[in-house]
1. For residue A:215 and residue A:182 in the same chain, what is the full-extension length gain: residue separation times 0.36 nm, less their Cα-Cα distance, in nm?
2. Pop out the Kirkwood hydrodynamic radius of chain A from its pairwise C-alpha distances, inverse of mean 1/r, in Å to one decimal.
3. What does the helix-only formula give at 222 nm for the protein assembly as shown: each DSSP H stretch with n ≥ 4 adding -39500 (n - 2.57), the total divided by the residues, and the result rounded to the nearest 500 deg cm²/dmol?
4. Ignoring ligands, DNA and RNA, what percent of the accessible area of segment B:3-255 is carbon or sulfur (1.4 Å)?
5. For the Cα atoms of chain A, what angle does the longest principal axis make with the long axis of helix A:235-244, in degrees from 0 to 90, nearest 10?
6. Roughly to the nearest percent, how much of the accessible area of segment A:3-219 is carbon and sulfur, given a 1.4 Å probe?
7. Assuming R0 = 51 Å, what is the FRET efficiency of residue B:132 and residue A:29, from their Cβ-Cβ distance, to the nearest 0.05?
8. Using the Karplus equation 6.51 cos²θ - 1.76 cosθ + 1.60 (θ = phi - 60°), what ³J(HN,Hα) coupling, rounded to whole Hz, does each residue of segment A:5-22 give in order, writing x for Gly and Pro?
Amino acid sequence: MKKLIEIAGLSKNYKGLQAVGNLTLSVGKGEIYGFIGLNGSGKTTTIRMLLGMIKPTSGTCFIHGEKVSLRNHAIWKKVGYMVETPHAYPELTVRENLHAFRRLRLISDPEVVDNVINRLKLKPYADKKAKNLSLGNAQRLGIAKALLHKPEILILDEPVNGLDPAGIVEIREFLRELAFDEGVAIFISSHLLTEIAKIATKVGIIHQGRLVQEVESARLHLLLNRRLVIGAHEKEGVLEAMASAGFVSSLNRDGFIETYDAKAIQRPDDIARFLVYQGFAPTQLAVEEEDLETYFLRIIGQKGEGGL
Amino acid sequence: MNPLMAVLHVEVLKLRKGKLLWAVLAAFTFAPLMGGFFMFVLKNPEFAKTAGLLGAKARIAGEASWPAYFSLLAQIIAVGGLIVFGFVASWIFGREYTDRTIKDLLALPYHRGVLVAAKFLAVMATTGLLSLYVTGLGMVIGWGIGLAGWSQSVLQNGLAAIVITALLTISLSAPVAFFACWGRGYLAPLGFVVLMVVFSQIIAAVGYGAYFPWSIPALYSGVAGEGYDLKAINIFIVLAASLAGGAGTWAWWLYADQY
């Protein structure tokens with residue numbers, strides 16, 4: 001697959017503090033790369049370096065195989081972007097802002113503005129001044145500016161911030177359409193793994209400036225911790241019986257017995273039969289899977305190992 | 001579409017829709033009106049006193065003539081321009097940081113220098129037009145008052161002094177632009193403007209005004225009460241300050257990390 005975005009060994013130090021360290025990743029045509037991290041983890045700094053706004057301390061970014069540099073400005077012709085909270089000229093209306101950016105993007109056809117207004121459902125707000133927009137609509141305007149010139153590469157920093165649930169679904173579907181139907185390479189940053197996992201083809205987790213994990217979204221569920229949770233009246237007896245059968249188990253904070261033993265998780269029916277034979281009929285038996293946010297926190301070391 | 005013209009078009013749109021233009025137009029309408037009022041009072045001192053326009057014991061020095069009025073208009077541009085033109089440059093450059101729209105301008109498919117050039121052109125055009133407006137309005141007021149001493153040579157000399165004063169003052173907008181970028185907003189450039197106005201007064205008062213860029217336009221316009229023949233060194237000093245500001249702004253846009 002043709003790599004449209006490539007980041008190689010990228011680092012940025014600020015006064016001795018490493019904001020981004022040795023970051024390497026790539027995004028191909030039609031891919032959606034979800035770049036996940038907490039606030040201050042280095043997401044926006046990476047995006048700013050990718051867009052040539054900040055000079056890296058070391059490493060290089062490539063767009064369409066061409067090195068990002070001040071002189072190489074032609075590469076931005078095919079790139080649409082939105083960095084951090086979207087801002088627009090407050091005294092201009094949505095339409096005027098888009099026409100201003102149409103000119104800045106050197107697009108002579110004024111119809112592109114109406115097209116993008118319709119596509120982002122901004123028509124009811126087209127003549128509203130940008131300073132009077134809600135955060136959700138400001139976000140739409142930001143995305144509209146990024147899409148005016150029909151880019152082949154889209155770089156979006158926290159694009160669903162401020163959107164209501166319907167807006168989030170709408171933007172999600174819209175980005176899918178852009179990537180999967182139109183082949184746009186999308187690099188999208190967020191602090192919400194659950195949200196990103198729904199659209200991204202690949203997920204990269206950044207923490208303290210370092211890429212701590214990169215995984216295909218389809219494989220993400222394989223990495224989630226699973227556990228067997230057992231409810232019983234005689235908890236001590238169950239713990240002893242499980243131990244005697246070789247299953248490491250413990251009592252959790254909610255008063256349930258839990259085990260991470262792969263065999264137990266795969267065959268909960270065997271565990272139920274075994275406990276009944278031992279005289280400890282379970283009152284509850286469930287295989288639970290770690291949610292993505294917990295997984296994310298576990299990966300970046302914010303929560304105890306194995307926590308669900 | 002030519003990038004410079006496209007960016008310039010957008011700068012004009014922002015100026016047209018913003019409040020700044022109206023605020024500076026108001027300031028530059030008030031100033032020649034005040035100048036005209038002084039000329040009127042000088043021309044009709046008794047009428048002014050009887051009509052209550054002037055206190056009974058008040059006296060205003062000077063004469064009500066076209067040469068004096070042209071000099072007054074040049075002074076308005078020299079002193080008022082330092083502040084008003086400074087506001088214009090602060091707004092054109094600083095607003096991108098205050099409105100946080102700067103990031104939208106940094107990855108466009110042409111050299112970033114085009115944006116800097118367009119912004120400087122917008123500053124020059126706006127301040128140039130403001131100078132023209134002050135001069136035009138001032139002349140209408142002067143005719144309305146019926147000032148004495150009109151001649152072709154007075155007009156030529158008066159306009160030449162105004163044009164040179166305006167060019168010198170406009171040149172000094174470039175360092176303001178740099179401070180707008182460096183300070184990422186309005187505060188630093190406006191502080192710089194105020195500081196330079198204060199310094200220009202103090203330095204001129206102690207007799208070194210001819211060597212301080214921000215004192216030179218006012219000195220040339222005749223604010224000290226007597227004419228001052230501009231020397232090459234004075235022009236060089238103003239241009240050096242202007243070039244330093246322009247180069248600093250250029251370098252900032254091109255090479256500084258933009259957070």
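1. 9.5 nm
2. Every distinct Cα pair counted, the radius reaches 21.9 Å.
3. Calculated mean residue ellipticity at 222 nm is -15500 deg cm²/dmol.
4. Carbon-and-sulfur percentage of accessible area, whole number: 72.
5. 90 degrees
6. Whole-percent figure for carbon plus sulfur exposure: 49.
7. Efficiency, from the Cβ-Cβ distance: 0.40.
8. 10, 9, 10, 10, x, 7, 9, 9, 10, 10, 6, x, 9, 8, 7, 9, x, 6
The values are calculated or read from the model by the stated rules, or taken from the named source; none is laboratory data. What you see is a predicted model; the values in this text were computed from it and never measured. Using ideal geometry, Cβ is built from the backbone for each residue, glycine included, and neighbour counts are taken over all protein chains shown. These accessible areas exclude ligands, DNA and RNA; they are computed on the full protein's heavy atoms, side chains included. Shrake-Rupley method; radii C 1.70, N 1.55, O 1.52, S 1.80 Å.
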